[in-house]
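Working notes for the structure below.
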Amino acid sequence: MSELSSSVRRVSAQPRPFEFDVARTALVMIDMQRDFVEPGGFGESLGNDVSRLAAVVPPALELLGWARSRGLLVVHTREAHRADLSDCPPAKRLRGAPSMRIGDPGPMGRILIDGEPGAGFVDGLEPLAGEIEIVKPGKGAFYNTTLTHSLLSRRITHLIFGGVTTEVCVQTTMREANDRGYDALLVEDATGSYFPEFKQATIEMIRAQGGIVGWTARLDEVLKA
Ligand code: C5J
């Protein structure tokens, strides 16, 4: 095995080892919000079984603790809209037949509205001082946000992803990151979907074709790095 400089780490990953410099790497934790993970929120209004996402909380906490202990930059995203819905396209709000639409009142406040309890972070997964919080109106965290600027100004080149949901906001953001020139790793056990088969398919399509979107690794392998 070749020698690594002191700030470079290597994770056993697929399709090949993922190497990153701690000073140039950020953990991006996607949308660990009550509206997706807890009963009474947006996820459940769409007919989903939210307990599948609640299972992601303990590994996400482990991943977050690891990133903090290693001194990585941490970025937390939330999918949320302005109270007047001016950043929510009607196509998004009116699609499908949910029991509650974005902006409607629910048990955790107005669905996916910034500032409402449901749009906030799950307990324990809130940002600490000095960490970056991105509120995003879309599925991808680069769309209509300051994420590009935040990463460029800190000379970040590598991203490690966790959060929900795997095939929607996590995958969309990884694809956006790939097109912007970032090397990105998805931590398999720290991400989740309402549909296990979609999670598995996403993991496989990210690392297929020599890592066409990026890398994937198990949490235990990341924790060793
Ligand atoms: C969805 C997300 N699924 N965070 N949002 O609408 O994946």
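The values are calculated or read from the model by the stated rules, or taken from the named source; none is laboratory data. All values derive from a computational prediction rather than experimental measurement. Methodologically, a virtual Cβ is constructed for each residue, glycine included, from the backbone with ideal geometry; neighbour enumeration extends over all protein chains shown. With ligands, DNA and RNA removed, areas are computed over all heavy atoms of the protein, side chains included. Shrake-Rupley method; radii C 1.70, N 1.55, O 1.52, S 1.80 Å.
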Region 21-56, residues that are of a type in the set (S, T, N, Q) and touching a strand residue (DSSP E or B) at 6+ places or on another chain (Cβ under 9 Å): Thr25, Gln33, Ser45
Of the residues in region 37-85, those that are more than 13 Å from the ligand (Cβ to nearest atom) and among the β-branched types (Val, Ile, Thr) number 3
Condition test on Ala184, is it touching a residue at least 12 places away in the same chain (Cβ under 8 Å) and part of a loop (DSSP other than H, G, I, E, B)? no
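Counting just the residues of region 20-33 that are away from the ligand (no atom under 12 Å from the Cβ) and within 14 Å of the chain's Cα centre (by Cα), which one comes out farthest from Leu186 (Cα to Cα)? Steps first, please.
Step one: of region 20-33, the residues away from the ligand (no atom under 12 Å from the Cβ) are 20-28.
Right, trim to within 14 Å of the chain's Cα centre (by Cα) and you get 26-28.
Values: Ala26: 12, Leu27: 10, Val28: 10 Å.
Among them, the one singled out is Ala26.
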Counting only residues that are within 14 Å of the ligand (Cβ to nearest atom) and hydrophobic (A, V, I, L, M, F, W, C), which one in region 112-140 is farthest from Gly65 (Cα to Cα)? Leu112
Pull out all pairs, ordered by first then second residue, where Cβ-Cβ is under 9 Å, the residues are six or more apart or on different chains, the first lies in region 49-76 and is on the phi > 0 side of the Ramachandran plot, and the second is open to solvent by less than 70 Å² (accessible area, probe 1.4 Å). Gly71/Val22; Gly71/Ala23
Only listed residue being surrounded by 14 or more Cβ atoms within 10 Å (Cβ to Cβ), within 17 Å of Glu188 (Cβ to Cβ) and among the charged types (D, E, K, R), chosen from Glu62, Glu38: Glu62
Looking at (1) outside any loop (DSSP other than H, G, I, E, B); (2) touching a residue at least 60 places away in the same chain (Cβ under 8 Å), which one does Glu19 not meet, given that it meets all the others? (2)
Being part of a helix (DSSP H, G or I) and open to solvent by 40 Å² or more (accessible area, probe 1.4 Å) narrows it down to one of Glu176, Glu221, Glu204, so name that one. Glu204
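Taking region 1-16, which residues are part of a loop (DSSP other than H, G, I, E, B) and surrounded by fewer than 17 Cβ atoms within 10 Å (Cβ to Cβ)? Please lay out each step first, then the result.
In the first step, residues of region 1-16 are kept if they are part of a loop (DSSP other than H, G, I, E, B); the result is 1-7, 12-13, 15-16.
Result: Met1, Ser2, Glu3, Leu4, Ser5, Ser6, Ser7, Ser12, Pro15, Arg16.
If you take the residues of region 41-59 that are closer than 21 Å to Arg95 by Cα and not small (Gly, Ala, Ser), which of them is surrounded by the fewest Cβ atoms within 10 Å (Cβ to Cβ)?
My answer is Asp49.
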